[in-house]
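Chemist: This is the structure I have questions about; it appears just below.
The values are calculated or read from the model by the stated rules, or taken from the named source; none is laboratory data. Keep in mind that this is a model prediction, so the values were computed, not measured. Neighbour counts are summed over all protein chains in view; Cβ atoms, including those assigned to glycine, are modelled from backbone coordinates with ideal geometry.
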Amino acid sequence: MTKQGDDLHLAIIMDGNGRWATARGLERLVGHKRGVERVDEIVEACPDLGVKHLTLFAFSTENWKRSEREVSGLMTLFRRYIRSESARLLKEGVRVRFIGRRHELDARLQELMQGLEDRTIDNDRLHLTVAINYGGRDEIVRATRKVALMVQSGELPIEDIDEHILSTALDTHELIDPDLVLRTSGEYRTSNFLPWQSVYAEYEFTETAWPDFTVEKLRDTLDAFRGRERRFGAVAIK
């Protein structure tokens, strides 16, 4: 876990794209396109705001329940984003990772994801993690299976299983835990996002829909976060 100053880990549940569009008489996909534009602005601003790690919840394992048109449109947006933004992300020093059940995505999208990860692996200005086809409980189940196989093979004594061992089997094993989890658009739930990793994170819920969540709003959110006392079950961290 990080200090409250610079280099913090911000995780965002980017909610409200569809409702933002519907409220304006537009198709839901228009809202998702506007949301992608907002991602560009937030990613660009994060390093100057003291954010070293940014994790974005882009598509959950439950989102497959949406209409075929919306799901297909989202997958097209993901592919277009990687193609159009990979050069800029590389130039700006952003390292990109993807977490979730990527093997269930279409082959072309998987190739683009892997390619972007490979090209940006040496970047260190901002660590951007994108959760696609991700569910927190699913991640823990998959991690548990990995550990069980290690025990079954004799590689790991069962008595050696602890929090560290399970953490190293998670999709996020290369990352620090989030300091702040933000959800936009007025919902007050975590929706199966990083449940293991966020046990000591601070939470912020805002009524603002993701397409309207500006860099200025992010700056205000981070300023308020840095004014909080984080006790971690003990004394406050100044």
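Chemist: Spot the failing condition for Gly227; the list is (1) farther than 15 Å from Leu10 by Cβ; (2) at pLDDT 95 or above, and only one is missed.
Modeler: So Gly227 meets the others, but not (2).
Chemist: Mind listing whichever residues of region 186-222 are crowded, with 17+ Cβ neighbours inside 10 Å, small (Gly, Ala, Ser) and farther than 21 Å from Asn133 by Cβ?
Modeler: Ala201, Ala209
Chemist: Would you point out which residue out of Glu159, Glu139, Glu187 is among the acidic types (Asp, Glu) and within 16 Å of Met14 (Cα to Cα)?
Modeler: Only one candidate passes the filter, namely Glu187.
Chemist: Right, Lys33: more than 16 Å from the chain's Cα centre (by Cα) and buried (at least 16 other Cβ atoms within 10 Å of the Cβ) or not?
Modeler: For Lys33, the condition - more than 16 Å from the chain's Cα centre (by Cα) and buried (at least 16 other Cβ atoms within 10 Å of the Cβ) - is met.
Chemist: Next question, about the same structure. What's the number of the only condition in (1) under 18 Å from Thr184 (Cβ atoms); (2) within 15 Å of the chain's Cα centre (by Cα) that Thr61 fails to meet?
Modeler: Evaluating Thr61 over (1) under 18 Å from Thr184 (Cβ atoms); (2) within 15 Å of the chain's Cα centre (by Cα) leaves (1) as the failure.
Chemist: So Val141 ticks every box in (1) of a type in the set (Val, Ile, Thr); (2) touching a Leu at 6+ places or on another chain (Cβ under 8 Å); (3) surrounded by fewer than 17 Cβ atoms within 10 Å (Cβ to Cβ) but one. Which box is left unticked?
Modeler: (2)
Chemist: Pairs needed: first member in region 213-228, under 13 Å from Val51 (Cβ atoms); second member anywhere, modelled with pLDDT of 95 or more and in a helix (DSSP H, G or I); C-beta distance under 7 Å; at least 6 residues apart or different chains.
Modeler: Val215/Glu41; Val215/Ile42; Val215/Ala45; Leu218/Ile42; Leu218/Ala45; Leu218/Leu49; Arg219/Leu49; Leu222/Leu49
Chemist: To continue, here is another question. When you look at Ile82, is it under 27 Å from Glu27 (Cβ atoms) and at pLDDT 95 or above, yes or no?
Modeler: Working: under 27 Å from Glu27 (Cβ atoms): yes; at pLDDT 95 or above: yes.
Yes: the conditions hold for Ile82.
Chemist: Follow-up question, since we're still on this one. Taking the conditions exactly as written (surrounded by fewer than 18 Cβ atoms within 10 Å (Cβ to Cβ), among the aliphatic types (A, V, I, L, M), touching a residue at least 12 places away in the same chain (Cβ under 8 Å) and in a loop (DSSP other than H, G, I, E, B)), does Ile176 satisfy them or not?
Modeler: Spelling it out, Ile176 is indeed surrounded by fewer than 18 Cβ atoms within 10 Å (Cβ to Cβ), among the aliphatic types (A, V, I, L, M), touching a residue at least 12 places away in the same chain (Cβ under 8 Å) and in a loop (DSSP other than H, G, I, E, B).
Chemist: Now, a different point. Would you check if Arg119 is basic (Lys, Arg), under 24 Å from Val39 (Cβ atoms) and in contact with a Leu (Cβ under 6 Å, 6 or more places away or on another chain)?
Modeler: Here the answer is yes, as Arg119 does meet what is asked.
Listed here are the residues, each with its yes/no results for (1) surrounded by fewer than 17 Cβ atoms within 10 Å (Cβ to Cβ); (2) among the aromatic types (Phe, Trp, Tyr); (3) within 20 Å of the chain's Cα centre (by Cα).
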position: Ala21; (1), (2), (3): no, no, no
position: Leu26; (1), (2), (3): yes, no, no
position: Leu56; (1), (2), (3): no, no, yes
position: Glu68; (1), (2), (3): yes, no, no
position: Val71; (1), (2), (3): yes, no, yes
position: Leu89; (1), (2), (3): no, no, yes
position: Gly93; (1), (2), (3): yes, no, yes
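Chemist: Being small (Gly, Ala, Ser) and within 20 Å of Gln197 (Cα to Cα) is the requirement here; does Ala23 meet it?
Modeler: no
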